[in-house]
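The values are calculated or read from the model by the stated rules, or taken from the named source; none is laboratory data. As the structure is a computational prediction, the values presented were derived from the model and not from experiment. All Cβ positions, glycine included, derive from the backbone under ideal geometry; neighbour counts span all protein chains shown. With ligands, DNA and RNA removed, areas are computed over all heavy atoms of the protein, side chains included. Shrake-Rupley method; radii C 1.70, N 1.55, O 1.52, S 1.80 Å.
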Amino acid sequence: MPRTTTVELPGCPPIRALTFDILGLIKVIESSSAVTEEAAADGSNKPKVVTPANTPKIVEKWGEPDASRCILNASINDSKSDPLLAVARKNGQIEVLNPLNGEICASETLEDNINNPISGLHLFRKENSGLSSRSCSLLTCTEKGNVVLRSLEIGGPVAGSNDDSRKAWNVCSAGNIFCSAVDGTEKYAVFGGKGVEINVWDLESCSKIWNAKSPKKDSLDIFTPTWFTAATFLSKDDHRKIVTGTNSHQVRLYDISAQRRPVISFAFRATAIKSVTEDLDGHTIYFGTGGGDLASVDMRTGKVLGSFIGGSSGSIRSIVRHPEFPIIASCGLDRCLRFWDIKTRQPLAAVFLKQILTKVVFDSNFCDKGTITAATDQPEKEQENKEEDEDLSVRRKRSSRENDQEKQLKPKQKKPVQQEVDDNDDGEQEKQLKPKKKKNKNVQQEVEDDLDDEQEKQLKPKKKQQPLQQEVDGDDDNEQEKPMSEDEDALLPLKRKKASEKSEQKQKLKAKKKKKRVPQEDD
């Protein structure tokens with residue numbers, strides 16, 4: 001049963017990859033960016049936000065399905081100006097295309113291509129090849145070890161090769177070459193295969209500079225036959241260290257400056273190593289097996305850092321590391337192109353491409369339209385925002401200066417300095433005198449004040465009663481002034497008795513009140 005994974009795939013950043021299959025088709029897969037122009041909640045003008053899409057998609061497909069035109073190997077020169085793509089087909093045809101639109105720039109067909117297919121291909125960069133812009137340099141290697149270094153003229157849709165600049169030699173006398181690689185300086189190349197030990201050649205002089213030696217027998221006295229399936233240089237700048245994968249599920253590290261046998265060798269599970277690629281740090285490699293396993297190893301110690309989660313459901317035939325993002329891509333017999341995160345070793349995206357895939361390459365200079373528009377609009381908006389901020393800062397500075405000047409001028413206009421000093425002195429004297437008056441009051445004086453208040457309250461009703469006596473006296477006076485009749489004369493003694501009785505009652509009441517007041521005053 002093929003292995004399946006249920007891990008959710010978060011998606012990839014803006015990348016562009018090209019895949020090649022057994023039917024000779026070239027498919028372009030891109031992970032574009034979605035540009036959002038939503039305004040901020042506060043109404044401020046912010047630049048466009050670029051977010052990665054969820055899954056990469058097929059955007060272009062070049063060629064017609066034909067099994068005889070199966071693409072065995074591919075190499076890309078993804079320079080910013082005049083990029084090129086070279087492919088080697090099963091029928092012995094070599095094509096140089098434009099990776100942007102798929103147009104064929106040059107083509108050449110090799111002889112004896114049926115029994116001697118192309119196993120290695122490398123497209124040189126123009127700055128290293130020293131050729132004009134109308135030509136390109138290629139290195140091809142067949143299974144029987146025939147290596148040719150040629151240059152192709154790019155003068156039209158299809159152009160021939162230049163025989164004057166061609167170099168050819170043989171890297172093996174027996175066996176089959178299954179793997180080859182060129183270092184970062186493009187001055188050295190390594191070859192290996194079934195029955196062919198790893199050997200390094202100088203491309204300028206076309207001479208062998210080093211040849212590996214078979215490892216010793218194991219503890220059971222068993223000799224492992226030579227069968228290399230993948231090879232690469234550990235560092236682009238150092239051609240002395242070479243990493244290889246074998247059909248006997250071993251990963252080996254060779255150091256041509258130390259010895260001919262491997263420096264580090266270890267076995268990984270039970271299936272053959274089918275593909276190997278190096279990391280940018282110069283000591284980590286990634287390799288895939290025939291069982292679909294993908295893992296990373298630190299070649300300084302030979303320790304396996306870990307396997308990538310999920311792996312693949314078929315043999316992995318090609319692995320490539322992105323030169324900028326921490327991403328690797330793998331493809332193989334499961335017909336899927338998978339993208340992985342190097343740091344977490346988790347899958348990012350997978351694209352089903354229907355045909356069995358043989359090779360994958362990255363276009364590192366790919367720029368999404370969304371990112372370009374966002375990048376072009378952002379500087380303009382940033383400049384406008386900066387100008388607005390500068391204007392606001394200038395206005396704020398001016399207003400603050402004016403306010404400071406006003407504050408400084410106002411007190412000078414209102415009061416002179418001497419007057420302010422005098423006012424301050426007067427205020428301090430008043431503050432000092434007020435608490436003294438309060439403090440000088442004694443407790444005895446407060447008690448006497450309270451008693452006086454009580455006496456005043458008690459004496460108030462006496463003042464009110466005085467008008468009553470006056471009224472009575474007034475009535476008596478009025479009565480005396482009036483002329484008396486005979487009846488009134490008879491009633492006079494009675495009225496006088498009543499008035500005397502009333503006056504006596506009033507005097508008694510006054511005496512009682514006086515007696516009551518005396519003990520209160522004593523208290």
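The figures follow:
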| item | result |
| --- | --- |
| LYS354 versus ASP221: modelled label distance in nm, points set 7 Å from Cα along the beta carbon direction | 5.8 nm |
| Pairwise label distance in nanometres, LEU280 with ASN170, each label 7 Å out on the Cα-Cβ vector | 4.3 nm |
| Under the Karplus curve 6.51 cos²θ - 1.76 cosθ + 1.60, θ = phi - 60°, whole-Hz ³J(HN,Hα) for region 195-207, x wherever Gly or Pro sits | x, 10, 6, 4, 9, 10, 10, 8, 6, 6, 9, 6, 10 |
| Label point distance in nm, ARG269-LEU100, each placed 7 Å from Cα along Cα→Cβ | 4.1 nm |
| Shape of region 221-340, Cα gyration tensor, a/c cut at 1.5 | oblate |
| Overall form of region 246-300 per C-alpha gyration tensor (a/c, 1.5; a/b vs b/c) | oblate |
| Gain upon complete extension [THR109, ASN91; 0.36 nm per residue less C-alpha separation] | 5.7 nm |
| Carbon and sulfur %, accessible surface of region 204-340 computed with the full protein complex present, 1.4 Å | 48 percent |
| Residues with amide H under 5 Å from that of ILE15, placed H, sequence gap 5 or more | SER31 |
| Stretch gain in nm, segment SER214-ASP255, where the contour uses 0.36 nm per residue and the Cα spacing is subtracted | 13.4 nm |
| Net lengthening on full extension, LYS343/ASP237 (0.36 nm per residue, minus Cα-Cα) | 35.8 nm |
| Accessible area in square angstrom per residue, region 201-265, 1.4 angstrom probe | 53 Å² |
| Cut-off under 5 Å, modelled amide H: who pairs with CYS105 long-range | VAL96, LEU97, ASN98 |
| Three-way shape label, region 185-278, alpha-carbon gyration tensor, a/c 1.5 | prolate |
| Charge sum, other residues only, whose C-beta stays under 10 Å from SER214's C-beta, Lys/Arg counted +1 and Asp/Glu -1 | +4 |
| Placed amide H near ALA181: partners under 5 Å, 5+ positions off or other chain | VAL190 |
| Pairs beyond 30 Å (Cα-Cα), from LYS167/LYS216; LYS90/LYS343; LYS194/LYS236; LYS90/LYS208; LYS57/LYS167 | LYS167/LYS216; LYS90/LYS343; LYS57/LYS167 |
